[in-house]
Structure formats: C-alpha cells, structure tokens
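Throughout, read-outs are computed from the coordinates displayed, never taken from laboratory work. All values derive from a computational prediction rather than experimental measurement. Backbone-built Cβ (ideal geometry, glycine too); neighbour counts: all protein chains shown.
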Amino acid sequence: MVETKLEHILTNSYKADMIAYMKSHPEDFEEAIKLAISNKPPYSWRAAWLLWSCMEKNDQRILKYVDIIIDTIPTTSDEQARELLIILQHMELTNDNEGKLFNICINIWEKIGKQPSFRYNAFKLMIKIIKNHPDLYKEIAFLTESHYTDSLSDNVKKSIFKMVIGLKKRFKQ
C-alpha cells in the first residue's frame, strides 16, 4: 500500500513538525483518529501520541470516537493503549464510558509487569473517574498497596500518593 502524507509525517518528522503539520492540515485530523484506533504499526501509536498533543480539551472531533477508543485499548499494544488513555484524560466521559473505562484501567493497573508509564496513565484515569463517582474511592486503598506500587519509581509513587491524598481531602475520609 502507498503511504499517506500523514503516515509519512508520523514516521519521518519530529513531534514539533508533526504538530505544525496537523495545524496546517486540519483535514487530516480524522485520518489521525482513524490511525490511532487502528492496528497499523508503526503509525497507530504515533497517531495517538500526536493527537493528544494537538487536540482541544473535550475535542468535538474525537467525541464520536470515544466508545471506539475505549473498546480499542484492551486490543492494542501497550504503547498505543497508553496514548489512547492520555487522549481520554482530556475528554469528558459519560457514566457508561466511565464504568467501562474504570474496569479497563483496573485491569491495566493490576498487571505489575506492565510498563510503569502505561499503568500510571491508567491510574490517572481511575482518579479522574473516582472524582465523579466517590463510591469508587474505597477501591483505591487496595490498589495502592505496596504490591502494586513497588515496581514504580519513587517519583511515580509520590505522584500516585499525592493523587490519593487529594481524593481523601476531597471526600474527607
């Protein structure tokens, strides 16, 4: 198959040049979304990586793909899934989306052999969802036991515990 202009940019440019390209070619945003949710290495994770760098908060162009993005996460590489999680961190989600995504994020978090940055981004989404659903707060105590955090760097652990303390203050528990 012939490589598209965007595919070429994704594999042959620095990130700043990719962002500049997307700004000057907004018509390719849809192609970037479709690449991000496809299984087309090496373009898929790169497209997702680029998207969160040039999207708006709760970007309307991505809104109609949120369900597909969520469904795609468990079926992609960890690198691509991590970038999709970051996209979702910038989106407002429905209750249904949050429930499904929370379960996916717990599954990622519990896999202590996974890349720390992947697990960390899943945890960040869990925190975002818990802010909307305080009844889920009780899950966090179990999920932050040393078994789950020992494999993380000190900085990541510190960040995770700051998020949990923030929730604790928020819910005054």
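For T4 and I68, what does the FRET efficiency come to when R0 = 22 Å and r is the distance between their Cβ atoms, rounded to the nearest 0.05? Let's see the in-between values first.
Working: r = 20 Å, r/R0 = 0.91.
That pair, T4 with I68, gives E of 0.65.
Charged side chains reduced to their Cβ positions (Lys and Arg at +1, Asp and Glu at -1) give the chain a dipole of some 840 debye around its Cα centre. Between S24 and F171, the contour length at 0.36 nm per residue exceeds the Cα-Cα span by 48.5 nm. Model label points for Q60 and S151, set 7 angstrom from Cα along the Cα-to-Cβ axis, are 4.2 nm apart. When the chain is treated as a Gaussian network with alpha carbon springs shorter than 10 Å, the biggest mean-square fluctuation among A20, A36, A122 belongs to A20. With 32 Å as the limit on Cα-Cα distance, the pairs of K57/K111; K34/K111; K23/K168; K23/K157; K34/K131; K64/K169 that go past it are K23/K168; K23/K157; K64/K169.
Against the main long axis of the alpha-carbon atoms of the chain, helix 78-89 sits at an angle near 80°.
For every other residue with a beta carbon closer than 14 angstrom to the beta carbon of E79, add +1 if it is Lys or Arg and -1 if Asp or Glu, then tell me the sum. Charge balance near E79 sits at +3. In units of the rule-of-thumb radius 2.2 N^0.38 Å, the chain shows an alpha carbon radius of gyration of 1.09. For the chain, adding -39500 (n - 2.57) for each run of n ≥ 4 DSSP H residues and dividing by the number of residues yields -21000 deg cm²/dmol at 222 nm.
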